[in-house]
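The values are calculated or read from the model by the stated rules, or taken from the named source; none is laboratory data. Values in this document were obtained by computation on a predicted structure and should not be read as measured data. Quick reminder, even Gly has a Cβ in these numbers, built from the backbone with ideal geometry, and neighbours come from all protein chains shown.
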Ligand SMILES: Nc1ncnc2c1ncn2[C@@H]1O[C@H](COP(=O)(O)OP(=O)(O)O)[C@@H](O)[C@H]1O
Ligand SMILES: [Mg+2]
């Protein structure tokens, strides 16, 4: 169950309570998130939408432990990450979060295989165990035959699939995708979305995804809109629009 | 090391830049090594000086003489074990450029004061009995292809009109210390004293250029030096006595303030090395901002980020260092041969090679530190936004 009213039963995988983020630029304060609440269960697939500058990336960075909120708390699987020190947070990210960014963000001088292996270098796994995991991840994204290719030898869609393999190889608690199809053509975007859906449906992954593309967002179980610093369920937005239209 | 492949891939990312950086590093290190070797050459005398030896020179100056009778008087001072004396002969073998130092020695005591110069007993005994005899250092003998039994003509212009002296090479000495001086040439004081040209006889007859004495204990050096200088104070030949190392240091200073020159040029080269490597690393880190941010996002610790940058700069320094030291190792004997006579022999010892390598690694660490700390401090969210 996905909730945005802060009334979850305390058993959800991700619990966000009263989350605020204020940026200071010059003398001006920009309140991007304002006491935002969110509950996400294991196996959920959430899409975040909203106009550019509404704070989608900010929210994702906070959820992924890349940034610290001005106020509020984020609890993942019982760990409150908003109180962790920098080095603890780094370890937590390695263990629990898989990142998929808009730009593919592969290391250009490493092969697909080596890129996917990177997160495993932070674990205690042996070389042969790492190989098994990397090969599995690459087969999930259908790129086993390209594992010795460098990023520049791959298409945009293939690069993004390598990024997905890198995000899932260490079996993290949840995946964060920021505009995963933003740089791709329709066909590649569809393939990537089919892959993410498969990760949720077949492999039970929990996925939180930002997109501004309604077609892409429609693939998620639930779509939430970021408006004035808080999350609103899509159905309610539509009702609001309809109601507004009627009135 | 798990990040091995990433470090190597990063290192070879911009090949031309890498080659240029390593090349600059190597050349700067050759220069640095050369300076260090020259410095070492000038200071070698200081380092190999015996702690228990004093040198007595004329208070008036190094080239002034003292009566040879001082020897017995000095020997009588408590704490003095052996005394010997030398003269500078200042001759030339065949050609001006074939420089090597020739000393007029006192065979009776020379060996007792300088046990580090080793001459086989039979050769030494022949020399002592042969007034026209001479002993050459192994290096000088090798340089001119001399063998024991050869007759060696040495042209002298220092004392009176030019005259060629002929010597029988009775022996060859070696030194026990690896850095020791095997370039000298010794002749007998008696031979010298009896053949002084008439024109300078009243000034040079029965004299010594300087005295070297061995003490019972190095602890006595201050007391004995003072006793000697007091004894000859107010005589016509006043003395100045100092330890052998102080004397050698003073001798090196005659060539000008070499230490200062080498230190200043050396520091310029050192900072060049730092800047060359540091600059390359700073550019590399800046180019890879987004990649470093991704590494941090997936959980690479700040310490590992710093390590990645340092490992790369140390590798550059290590490649440049090894190349530079190889070049220096090949070039220094050639340079040394070219400047024979002008400078003391230039030697690149194994110790200096290893020190050079340690130095290179140190430069690598220091020059990677600033870019590395920058990469460490960089915040992921800001770095990703810049893309
Ligand atoms: N480091 C920052 N300093 C100041 N303002 C920022 C910073 N990061 C983001 N912002 C501002 O916060 C708002 C939300 O940004 P962002 O989360 O990137 O929005 P979105 O991803 O929805 O486009 C924007 O107005 C942006 O300019
Ligand atoms: Mg964004």
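Numbers for the structure displayed
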read-out	value
Any chance residue B:135 is at pLDDT 95 or above, surrounded by 15 or more Cβ atoms within 10 Å (Cβ to Cβ) and over 20 Å from the mean Cα position of the chain (by Cα)	yes
Those residues of the range A:25-58 which are within 14 Å of the chain's Cα centre (by Cα), over 16 Å from residue A:227 (Cβ atoms) and in a strand (DSSP E or B), in sequence order	A:40, A:45
Subset tally (residues that are within 14 Å of another protein chain (Cβ to nearest Cβ) and part of a loop (DSSP other than H, G, I, E, B)) for the range A:157-205	8
Among residues of the range A:217-229, those that are in contact with a strand residue (DSSP E or B) (Cβ under 6 Å, 6 or more places away or on another chain), surrounded by fewer than 20 Cβ atoms within 10 Å (Cβ to Cβ) and over 11 Å from residue A:45 (Cα atoms), counted	1
Selected residue (criterion: farthest from the other protein chains (Cβ to nearest Cβ)) from residues of the range A:53-73 that are without any contact (Cβ under 8 Å) to a residue 24 or more places away in the chain and near ligand 1 (Cβ under 8 Å from one of its atoms)	A:53
Hey, residue B:111 under 26 Å from residue B:55 (Cα atoms) and touching a helix residue (DSSP H, G or I) at 6+ places or on another chain (Cβ under 8 Å) or not	yes
Residue check for residue B:141: farther than 22 Å from residue B:85 by Cα and buried (at least 19 other Cβ atoms within 10 Å of the Cβ)	yes
Residue check, residue A:172 surrounded by 19 or more Cβ atoms within 10 Å (Cβ to Cβ) and either at negative phi or at pLDDT 95 or above (or both)	yes
Residue list for the range A:74-116, restricted to those being more than 18 Å from the chain's Cα centre (by Cα), over 17 Å from residue B:293 (Cα atoms), outside any loop (DSSP other than H, G, I, E, B) and touching a residue at least 24 places away in the same chain (Cβ under 8 Å)	A:112, A:113
Within the range B:269-307, tally of residues that are more than 42 Å from the chain's Cα centre (by Cα), more than 11 Å from chain A (Cβ to nearest Cβ) and crowded, with 19+ Cβ neighbours inside 10 Å	0
Condition check for residue A:221: at pLDDT 90 or above and either within 15 Å of residue A:52 (Cβ to Cβ) or in contact with a helix residue (DSSP H, G or I) (Cβ under 9 Å, 6 or more places away or on another chain) (or both)	yes
Residue in the range A:77-89 that is closer than 17 Å to residue A:207 by Cα and either more than 10 Å from every other protein chain (Cβ to nearest Cβ) or out of contact with any helix residue (DSSP H, G or I) (no Cβ under 8 Å at 6 or more places or on another chain) (or both) present	yes
Tally of residues being surrounded by fewer than 18 Cβ atoms within 10 Å (Cβ to Cβ), on the phi < 0 side of the Ramachandran plot and within 16 Å of ligand 2 (Cβ to nearest atom) across the range A:17-64	4
Condition met for residue A:50 (within 16 Å of ligand 1 (Cβ to nearest atom), in contact with a helix residue (DSSP H, G or I) (Cβ under 7 Å, 6 or more places away or on another chain) and within 13 Å of another protein chain (Cβ to nearest Cβ))	no
Residues (surrounded by fewer than 20 Cβ atoms within 10 Å (Cβ to Cβ) and more than 10 Å from chain B (Cβ to nearest Cβ)) located in the range A:114-124	A:124
Residue within the range B:47-66 that is more than 29 Å from residue B:220 (Cα to Cα), under 25 Å from the mean Cα position of the chain (by Cα) and touching a residue at least 12 places away in the same chain (Cβ under 8 Å) present	no
Cross-chain or 6+ apart pairs with Cβ under 7 Å, the range A:24-39 first and over 25 Å from residue A:4 (Cα atoms) and within 14 Å of another protein chain (Cβ to nearest Cβ), then within 16 Å of ligand 2 (Cβ to nearest atom) and in a strand (DSSP E or B)	none
From the options B:311, B:338, B:248, residue that is buried (at least 17 other Cβ atoms within 10 Å of the Cβ) and assigned by TED's automatic domain parsing to the domain that holds residue B:35	B:311
Residue satisfying all of: in the range A:206-216; outside any loop (DSSP other than H, G, I, E, B) and surrounded by 16 or more Cβ atoms within 10 Å (Cβ to Cβ); nearest to ligand 1 (Cβ to nearest atom) among these	A:210
Meets criteria (outside any loop (DSSP other than H, G, I, E, B), under 31 Å from the mean Cα position of the chain (by Cα) and more than 14 Å from chain A (Cβ to nearest Cβ)) for residue B:41	yes
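Residues are listed down the side, and each one gets a yes or a no for (1) surrounded by 14 or more Cβ atoms within 10 Å (Cβ to Cβ); (2) within 28 Å of residue B:42 (Cα to Cα); (3) free of Cβ contacts under 8 Å to residues at least 60 places away in the same chain; (4) not assigned by TED's automatic domain parsing to the domain that holds residue B:69:
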position: B:152; (1), (2), (3), (4): yes, no, yes, no
position: B:156; (1), (2), (3), (4): yes, yes, no, no
position: B:167; (1), (2), (3), (4): yes, no, yes, no
position: B:172; (1), (2), (3), (4): yes, yes, yes, no
position: B:195; (1), (2), (3), (4): no, no, yes, no
position: B:215; (1), (2), (3), (4): yes, yes, no, no
position: B:230; (1), (2), (3), (4): no, no, yes, no
